[in-house]
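Take a look at the structure set out below.
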Amino acid sequence: MILKLIMPFIFFSLISALRKYVQSGLSKHNIRQRKGENMILCQKCGTYVHESIIHKKSGRKFCSKRCSNL
């Protein structure tokens with residue numbers, strides 16, 4: 001009898017915990033996807049390049065491999 005009264009509470013608690021876990025994982029994933037929305041200035045030629053495609057060399061940021069080798 002008591003088990004029938006407690007089961008809905010346990011079920012609701014498990015569903016709520018699972019929902020919070022999934023939402024926290026999704027929010028972390030969205031933060032990773034948003035990274036790279038900035039435009040970066042090439043330190044050689046002065047061209048602005050999307051952050052996701054920059055080339056780094058010796059701590060400097062370049063628009064291409066060609067600029068990074070010059």
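Bear in mind these aren't lab numbers, they're just calculated from the coordinates by the rules spelled out. Because the structure is a prediction, the values reported are computed rather than measured. Cβ: placed from backbone, ideal geometry, glycine included. Neighbour counts: every protein chain shown.
Need the full-extension length gain, Lys56 to Ile10, defined as separation in residues times 0.36 nm minus the C-alpha distance. One decimal, nm. Working shown, then result.
Values: separation 46, 0.36 × 46 = 16.56 nm, distance 5.20 nm.
Difference between extended and current length: 11.4 nm.
Going by average Cβ neighbours within 10 Å, how do the peptides 57-69, 12-24 rank, with the highest at the top?
57-69, 12-24
Starting at the first residue of the stretch 2-12, write each ³J(HN,Hα) from the Karplus equation 6.51 cos²θ - 1.76 cosθ + 1.60 with θ = phi - 60°, in whole Hz, x for Gly and Pro.
With the stated coefficients, the stretch 2-12 comes to 5, 4, 5, 7, 7, 4, x, 5, 5, 4, 4 Hz.
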